Amino acid sequence: MDTIDLRSDTVTHPTPEMREAMAHAIVGDDVYGEDPTVNQLEAEAAYMLGKEAGLFVTSGSMGNLVAIMTHCDGRTDEIIVGNKAHIFRYEAGSASTIGGVHVHTILNQPDGTLRLEDIRTAIREDDPHFPRTKLICLENTQGTIGGVAIPKSYIDAVGAIAKEHNLKLHIDGARIFNAATELDTPVHELVASADSVTFCLSKGLCAPVGSVLVGSRAFIDEARRIRKVLGGGMRQAGILAAAGLISLRMMTKRLHEDHATARAIGEGIQRIAGIHVKSIHTNFVFFELLPDAKLSPQKLIDTLDAEYRIKLALYPGYTHTFRIVTHYWVTPERAQVVIRALRTVLS
Ligand code: TLP
């Protein structure tokens, strides 16, 4: 990557090893279950997350929707989800428009969690006036709160509530390996209480496309049908899964480097005039461009792009809040370029 693209870790290009593996991938028709590379990816992903089976899906959004539709029966069912969750804010309302479920939001706390008491209160009684609560969804890392990693003890506490009420627990773990790295908790332990987890290969793990949904064998068998309903059967998808295997085997092991780079950038820019660093967690830095900053948000974006080939973006839905996301292609040297560039253009 020639530019320094800080807008997201979704922008990552595949590594040279991935391109090589993709070129030589053994493929088959995955809708027949005959793509050995996809089968390998699904099995390795399930094993790593401590679940029985996996399903390769096109995206994190599709993985979440497939999970919701598999856990719920559609009309009259309800999911409980945070008001800052990607499922609620950034998936175009698919849970309700396509999945037919009612979305019951409760407040995400500053640490990214949902109050256990709020979850308990949100669970409906059995009454024909109410939808039926079926599923609780957590997000880890919690993106909109700043990429914060949610610890195992909390997930286990939510899992216990789910069990007590005969509900399921799904984790949108788009960046679950970042969470596991930050918390220094093996990923299978981190998600042990969850019935299903989606994670993305195409973010900090650098694969060009794809996510994996994991859960019990019976759950994944049904999820496969729902994926078909959504048009997500991908045929010779082993070409993509080959990159995903490198994500699992190699890229999950280096995420601490991205977290260190994020910290270096966050700490390096926090005293620059016009910048207020709001948070630094995992591979995310959130900062506010203050009203007295030398440049407007748009001018800052344009100047960095034109003069330094640095791509920066406002966080979707915010007018002055920027999110910097570090990843494989933002090396420590490039991080220093970013700090110097911001200092130069804002002073
Ligand atoms: N998030 C994207 C944008 O949509 C905001 C990003 O740049 O961070 N869950 C979480 C927590 C996510 O952050 C994302 C992507 C998804 C799900 C959806 O993944 P994709 O983009 O593969 O559908």
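The values are calculated or read from the model by the stated rules, or taken from the named source; none is laboratory data. Small disclaimer: the values here were computed from a predicted structure and weren't measured. Every residue, glycine as well, gets a Cβ built from its backbone with ideal geometry; the counts of neighbours run over all protein chains shown. Heads up: the accessible areas ignore ligands, DNA and RNA and are worked out on the full protein's heavy atoms, side chains in. Shrake-Rupley method; radii C 1.70, N 1.55, O 1.52, S 1.80 Å.
Summary table below
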{"quantity": "Qualifying residues in region 1-42 (those that are more than 16 Å from the ligand (Cβ to nearest atom) and in contact with a Cys (Cβ under 8 Å, 6 or more places away or on another chain)) - the one farthest from D258 (Cα to Cα)", "calculated": "M18"}
{"quantity": "Where a residue in region 171-192 is closer than 15 Å to G146 by Cβ and within 10 Å of the ligand (Cβ to nearest atom) and its partner, wherever it lies, is charged (D, E, K, R) and not in a loop (DSSP other than H, G, I, E, B), with Cβ under 8 Å and at least six apart", "calculated": "A174/E139"}
{"quantity": "Failed item in (1) closer than 30 Å to L201 by Cβ; (2) open to solvent by 40 Å² or more (accessible area, probe 1.4 Å); (3) in contact (Cβ under 8 Å) with a residue 40 or more places away in the chain; (4) touching a strand residue (DSSP E or B) at 6+ places or on another chain (Cβ under 6 Å), with N64 passing the rest", "calculated": "(2)"}
{"quantity": "Output for region 198-218, where each listed residue is away from the ligand (no atom under 12 Å from the Cβ), out of contact with any Leu (no Cβ under 9 Å at 6 or more places or on another chain) and not polar (S, T, N, Q)", "calculated": "C206, R217, A218"}
{"quantity": "Conditions (1) within 25 Å of S59 (Cβ to Cβ); (2) touching a helix residue (DSSP H, G or I) at 6+ places or on another chain (Cβ under 7 Å): number failed by I161", "calculated": "(1)"}
{"quantity": "Neighbours by Cβ (under 7 Å, 6+ apart or cross-chain): first from region 325-341, surrounded by fewer than 20 Cβ atoms within 10 Å (Cβ to Cβ); second modelled with pLDDT under 95", "calculated": "W329/M1"}
{"quantity": "Residue match in region 23-39 (condition: at pLDDT 95 or above and within 19 Å of the chain's Cα centre (by Cα))", "calculated": "no"}
{"quantity": "Flag for E91 being over 23 Å from R235 (Cβ atoms), within 15 Å of the chain's Cα centre (by Cα) and among the charged types (D, E, K, R)", "calculated": "yes"}
{"quantity": "Enumeration of residues in region 265-312 that are open to solvent by less than 30 Å² (accessible area, probe 1.4 Å), of a type in the set (G, A, S) and in contact with a helix residue (DSSP H, G or I) (Cβ under 7 Å, 6 or more places away or on another chain)", "calculated": "G268, G274, A293"}
{"quantity": "Top-ranked residue of region 185-205 - restricted to ones that are part of a loop (DSSP other than H, G, I, E, B) and over 28 Å from V11 (Cα atoms), ranked as least open to solvent (accessible area, probe 1.4 Å)", "calculated": "A194"}
{"quantity": "Region 206-218: number of residues that are open to solvent by 10 Å² or more (accessible area, probe 1.4 Å) and in a loop (DSSP other than H, G, I, E, B)", "calculated": "3"}
{"quantity": "Any hit, region 219-235, residues being open to solvent by less than 10 Å² (accessible area, probe 1.4 Å), touching a Leu at 6+ places or on another chain (Cβ under 6 Å), aliphatic (A, V, I, L, M) and at pLDDT 95 or above", "calculated": "yes"}
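Residues are listed down the side, and each one gets a yes or a no for (1) within 12 Å of the ligand (Cβ to nearest atom); (2) at pLDDT below 95; (3) of a type in the set (K, R); (4) part of a strand (DSSP E or B):
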site: E44; (1), (2), (3), (4): no, no, no, no
site: V66; (1), (2), (3), (4): yes, no, no, no
site: K84; (1), (2), (3), (4): yes, no, yes, no
site: D118; (1), (2), (3), (4): no, no, no, no
site: D126; (1), (2), (3), (4): no, yes, no, no
site: H129; (1), (2), (3), (4): no, no, no, no
site: L135; (1), (2), (3), (4): no, no, no, yes
site: I155; (1), (2), (3), (4): no, no, no, no
